[in-house]
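The values are calculated or read from the model by the stated rules, or taken from the named source; none is laboratory data. Just so it is clear, the structure is predicted and the values come from calculations on it, not from any experiment. In this analysis, Cβ positions are derived from the backbone assuming ideal geometry, glycine residues included, and neighbour counts consider all displayed protein chains.
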Amino acid sequence: MRIIVPIKQVPETSAVRMDEKTGTMIRDGVEAIVNPLDLYAIEAALLLKASQPEGQCEVIAVSMGPPKAQSAIREAMSMGFDSGVLLSDKKFAGADTWATSYVLAAAIKKLGDVDLIICGERATDGDTGQVGPGIAAWLDLPVGSYVGKIDGLTDGRINVQRLLEDGHEGLEVQLPAVLTVVKEVADPRLPTLRGKQRARKAELTTWNADDLNLPDENLGLNGSPTRVVKIFRPSVTRECEKLIATDDQSINTAADRVLEFLQERELV
Amino acid sequence: MIEVNKNGEVWVFAEQQAGKLTDVPLELLSKARELADILGVKVAGVLLGEGLDELAQKLIHHGADKVYSVDNAKLSHYQTASYTKVICDLIKEYKPQICLFGASHVGRDLAPTVASKMKCGLTADCTDLQIGTHEDKKEKTTHENLMYQIRPAFGGNIIATIVNPTRWPQMATVREGVMPMSECDTKRTGEVIKITEEISDDLLPVTVNDMHREGKTVDLKAARVIVAGGAGVGSKENFDKLKELAHVLGGTIAGSRAAVDLGYVESDYQVGQTGTTVRPALYIAVGISGAIQHIAGMQESAKIIAINNDPEADIFSVAHYGIVGDMNEIVPMLIKSVHSGLNVKTTH
């Protein structure tokens, strides 16, 4: 069987600068990591692989991004992935979730013979969670979202626990399918030294728009239905009465003052 | 996608679970009403499930002019493929200009699937929606009366306005609690349009074997007092002190996203853009730096007290009252002080 995990390279810090003109993120000069929530998808795929007879399951990472996103794929490989494909083209730049899921779905189609696609619930930068279900729609595959536990594979179906707001439900999903997983699904392993060495030497496949045979009008900023038209820093005007409380006396004073404040406003 | 249709209605996907409407569509109806009144169009609820007549009336009482009701036993439980098919068919037929979805587990599964299929845009977790004009300088065109989809963006302390000028419908998801609950007027009347759809078995590729609903154990929206902790709390043990403070104040605890990620508190307790939006009488923010995503979820609290050891922390910009110092010293003192304050009160 073949499992594909779409991953995203994201900025390590939350301090991202914006290009005021295009309304897209400036990624240069920021340390890049694998989206932390994708690590759970990677681990879930590796556990499924381990549950299959030796040599019967192949796990592949795909990532859309600039050339440096290859390091994200190498990280997946250092954890045990068999191979990876980088989807990189200037034409992909500025894609919203629609145009991103479009390219990822095209790459998954090109890889072919897929049984299962496992996505992290969302990326920590864009924070939308829309790409996983978006991919499923492009490929016309069933989707199990918010999966917190994978119970096992049987006869072309996968049993999972899907988290609800106030509980969970056991689903049996026909393969091929797309799952989006949450943290509860598995504890991501650390890369091994041997894995790292293997990943460093591995030949990665890189595909561009032509390799995927995709029309320009569906790609990147041009292909995106949504436009960021304005970005602003919210100006906050509230007058905050601030007390410094660093020693016993000032802490006492502050605590009493807060109590007064609460009593004035009848909050206690 | 559908063509730009300025006469199109404003739609709210009316999520039901086990035959009951969830809160978020009723909240969205208040915003939909506001947007539709500016645009001069009707508000419609889109209801899928089984035995929907009462629910349809409830949507009308809460502000819908119309309800598209797709009553079918095969739709009683949410499935991505069947729901997507029905919603896409309805969009193609009735060409709404705006579709709003709750950013619930169902809505966040359904809306992106519909967007992919319809080749239209979608913005996640909006904190505000407005109507406005967009000038496309490159194309030298002006788009009037677009829906501004407003959300904190990209990790930075930035709020972005997003539009979808041409590939309609304009779609957005909104978290529970972001919009105020619409008022219920049982005298309101409206039109219920019953839709018959065939649901073939290939639209139901998922079997639901069992379901456990514990009921909501956490109801932050209803709390009068919230004591929330962030990364600055430092440990799960320290978080227990916040529980004690919440207890003496008769409130509940909550956490920022960072606190949830660090495992100090469960995700049900998360306040902010991707958690719950709250408006308690008192919000005490402890060790929370004040990222815009968090502030978006608590800034409408009636009174805000911030405790942080960094005097420059952004949280102080929304607080009415701030204490700069170590929470480990301040919180126990506050607990003591509230205790003694309460004792004084009761002896009066």
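Kindly indicate the residue of the stretch A:175-225 that is of a type in the set (Asp, Glu) and in contact with a helix residue (DSSP H, G or I) (Cβ under 8 Å, 6 or more places away or on another chain) and also nearest to residue A:84 (Cα to Cα) among those meeting that condition. First the steps, then the outcome.
Applying the first criterion (of a type in the set (Asp, Glu)) to the stretch A:175-225 yields A:184, A:187, A:203, A:210-211, A:216-217.
Narrowing the set further to residues that are in contact with a helix residue (DSSP H, G or I) (Cβ under 8 Å, 6 or more places away or on another chain) leaves A:187, A:211, A:216-217.
Working: A:187: 21, A:211: 15, A:216: 24, A:217: 26 Å.
Among those residues, the one meeting the criterion is A:211.
Within the stretch A:77-98, can you find the residues that are outside any loop (DSSP other than H, G, I, E, B) and within 10 Å of residue A:64 (Cβ to Cβ)? Listed by number, the residues that qualify are A:85, A:86, A:87, A:92. Annotation: residue A:64 fulfils all but one of (1) of a type in the set (A, V, I, L, M, F, W, C); (2) buried (at least 20 other Cβ atoms within 10 Å of the Cβ); (3) farther than 22 Å from residue A:218 by Cα; the unmet one is (3).
Summed over the stretch B:194-213, the residues that are among the β-branched types (Val, Ile, Thr), surrounded by fewer than 14 Cβ atoms within 10 Å (Cβ to Cβ) and facing another protein chain (nearest Cβ under 10 Å) give a count of 1.
Just the residues that are among the aliphatic types (A, V, I, L, M), facing chain A (nearest Cβ under 7 Å) and closer than 17 Å to residue B:199 by Cβ, please, taken from the stretch B:79-125. Break it down into steps so the answer makes sense when it comes.
Our first condition is that a residue be among the aliphatic types (A, V, I, L, M); within the stretch B:79-125, this holds for B:81, B:86-87, B:90-91, B:98, B:100, B:103, B:106, B:110-111, B:114-115, B:118, B:122, B:124.
Filter once more, so that each one left must be facing chain A (nearest Cβ under 7 Å): B:81, B:115, B:122, B:124.
B:81, the sole residue that qualifies.
Would you confirm whether any residue within the stretch A:107-127 is more than 14 Å from every other protein chain (Cβ to nearest Cβ), hydrophobic (A, V, I, L, M, F, W, C) and out of contact with any helix residue (DSSP H, G or I) (no Cβ under 9 Å at 6 or more places or on another chain)? The answer is yes; a qualifying residue exists. The number of residues in the stretch A:216-268 being of a type in the set (D, E, K, R), surrounded by fewer than 16 Cβ atoms within 10 Å (Cβ to Cβ) and more than 43 Å from the chain's Cα centre (by Cα) comes to 7.
In the list A:209, A:177, which residue meets the criterion of being of a type in the set (Gly, Ala, Ser) and either more than 25 Å from residue A:143 (Cα to Cα) or surrounded by fewer than 15 Cβ atoms within 10 Å (Cβ to Cβ) (or both)? Working first, answer last.
On the way: A:177 fails: either more than 25 Å from residue A:143 (Cα to Cα) or surrounded by fewer than 15 Cβ atoms within 10 Å (Cβ to Cβ) (or both).
None of the others qualify; the one that does is A:209.
Listed by first and then second residue, the pairs linking a residue in the stretch A:211-230 that is hydrophobic (A, V, I, L, M, F, W, C) to a residue that is part of a loop (DSSP other than H, G, I, E, B), with Cβ atoms under 6 Å apart and 6 or more places separating them unless they lie on different chains, are A:221/A:94; A:228/A:23.
Condition check ((1) more than 14 Å from chain A (Cβ to nearest Cβ); (2) on the phi > 0 side of the Ramachandran plot; (3) in contact (Cβ under 8 Å) with a residue 60 or more places away in the chain) across all residues:
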{"position": "B:150", "(1), (2), (3)": "no, no, no"}
{"position": "B:153", "(1), (2), (3)": "no, no, no"}
{"position": "B:169", "(1), (2), (3)": "no, no, yes"}
{"position": "B:176", "(1), (2), (3)": "no, no, yes"}
{"position": "B:182", "(1), (2), (3)": "yes, no, yes"}
{"position": "B:188", "(1), (2), (3)": "yes, no, yes"}
{"position": "B:192", "(1), (2), (3)": "yes, no, yes"}
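Considering the stretch A:130-169, and only residues there that are modelled with pLDDT of 95 or more and among the small types (Gly, Ala, Ser), the residue that is surrounded by the fewest Cβ atoms within 10 Å (Cβ to Cβ) turns out to be A:148. Of the residues making up the stretch B:81-103, those that are under 18 Å from residue B:176 (Cβ atoms) and buried (at least 24 other Cβ atoms within 10 Å of the Cβ) are B:99, B:100, B:101, B:102. Could you please find all residues in the stretch B:13-35 being assigned to a helix (DSSP H, G or I) and surrounded by fewer than 24 Cβ atoms within 10 Å (Cβ to Cβ)? Answer for the stretch B:13-35, where residues must be assigned to a helix (DSSP H, G or I) and surrounded by fewer than 24 Cβ atoms within 10 Å (Cβ to Cβ): B:23, B:30, B:33, B:34, B:35. Against the definition (within 30 Å of residue B:274 (Cα to Cα), surrounded by fewer than 22 Cβ atoms within 10 Å (Cβ to Cβ) and not polar (S, T, N, Q)), how does residue A:94 come out, yes or no? Against the criterion (within 30 Å of residue B:274 (Cα to Cα), surrounded by fewer than 22 Cβ atoms within 10 Å (Cβ to Cβ) and not polar (S, T, N, Q)), residue A:94 qualifies.
Among the conditions (1) of a type in the set (S, T, N, Q); (2) under 30 Å from residue B:306 (Cα atoms); (3) surrounded by fewer than 16 Cβ atoms within 10 Å (Cβ to Cβ), the only one that residue B:186 does not satisfy is (2). Taking the conditions exactly as written (surrounded by fewer than 23 Cβ atoms within 10 Å (Cβ to Cβ) and either closer than 22 Å to residue B:330 by Cα or over 16 Å from the mean Cα position of the chain (by Cα) (or both)), does residue B:256 satisfy them or not? In short, no.
Mind telling me which of the residues B:303, B:241 ends up being over 30 Å from residue B:107 (Cβ atoms), in contact with a helix residue (DSSP H, G or I) (Cβ under 6 Å, 6 or more places away or on another chain) and among the basic types (Lys, Arg)? Before you say what the answer is, go through the steps one by one.
Working: B:303 fails: in contact with a helix residue (DSSP H, G or I) (Cβ under 6 Å, 6 or more places away or on another chain).
Exactly one of B:303, B:241 is over 30 Å from residue B:107 (Cβ atoms), in contact with a helix residue (DSSP H, G or I) (Cβ under 6 Å, 6 or more places away or on another chain) and among the basic types (Lys, Arg), namely B:241.
Test of understanding: among A:156, A:167, A:112, which residue is at positive phi, touching a His at 6+ places or on another chain (Cβ under 8 Å) and not hydrophobic (A, V, I, L, M, F, W, C)? First the steps, then the outcome.
On the way: A:156 fails: touching a His at 6+ places or on another chain (Cβ under 8 Å); A:112 fails: touching a His at 6+ places or on another chain (Cβ under 8 Å).
After ruling out the rest, the residue left standing is A:167.
Looking at the stretch B:69-84, can you tell me whether even one residue there is touching a Lys or Arg at 6+ places or on another chain (Cβ under 6 Å) and over 24 Å from residue B:115 (Cβ atoms)? Within the stretch B:69-84, none of the residues are touching a Lys or Arg at 6+ places or on another chain (Cβ under 6 Å) and over 24 Å from residue B:115 (Cβ atoms). Of all positions in the stretch B:166-174, none carries a residue that is assigned by TED's automatic domain parsing to the domain that holds residue B:27, more than 19 Å from the chain's Cα centre (by Cα), farther than 25 Å from residue A:102 by Cα and not in a helix (DSSP H, G or I). Is it the case that the stretch A:48-59 has a residue that's more than 14 Å from chain B (Cβ to nearest Cβ), closer than 18 Å to residue A:143 by Cβ and outside any strand (DSSP E or B)? For the stretch A:48-59, residues more than 14 Å from chain B (Cβ to nearest Cβ), closer than 18 Å to residue A:143 by Cβ and outside any strand (DSSP E or B): present.
Only one of the listed residues (B:189, B:207) is assigned to a strand (DSSP E or B) and over 30 Å from residue B:291 (Cα atoms). That residue is B:207.
Residues checked against (1) in contact (Cβ under 8 Å) with a residue 40 or more places away in the chain; (2) among the aliphatic types (A, V, I, L, M); (3) more than 8 Å from chain A (Cβ to nearest Cβ):
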| site | (1), (2), (3) |
| --- | --- |
| B:298 | yes, yes, yes |
| B:301 | yes, no, yes |
| B:312 | no, no, yes |
| B:319 | no, yes, no |
| B:329 | no, no, no |
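Here is a yes/no grid of residues against (1) crowded, with 21+ Cβ neighbours inside 10 Å; (2) in the same structural domain as residue B:227 (by TED's automatic domain parsing); (3) not in a strand (DSSP E or B):
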residue: B:260; (1), (2), (3): yes, yes, yes
residue: B:265; (1), (2), (3): yes, yes, yes
residue: B:273; (1), (2), (3): yes, yes, yes
residue: B:279; (1), (2), (3): no, yes, yes
residue: B:284; (1), (2), (3): yes, yes, no
residue: B:304; (1), (2), (3): yes, yes, no
residue: B:315; (1), (2), (3): yes, yes, yes
residue: B:332; (1), (2), (3): no, yes, yes
residue: B:339; (1), (2), (3): no, yes, yes
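Just checking, how many residues over the stretch B:58-69 are in a strand (DSSP E or B) and either at pLDDT below 95 or surrounded by 24 or more Cβ atoms within 10 Å (Cβ to Cβ) (or both)? So the count comes out to 2.
Scanning the stretch A:174-192 for residues that are over 30 Å from residue B:266 (Cβ atoms) and either at pLDDT below 95 or of a type outside the set (A, V, I, L, M) (or both) returns A:174, A:176, A:192.
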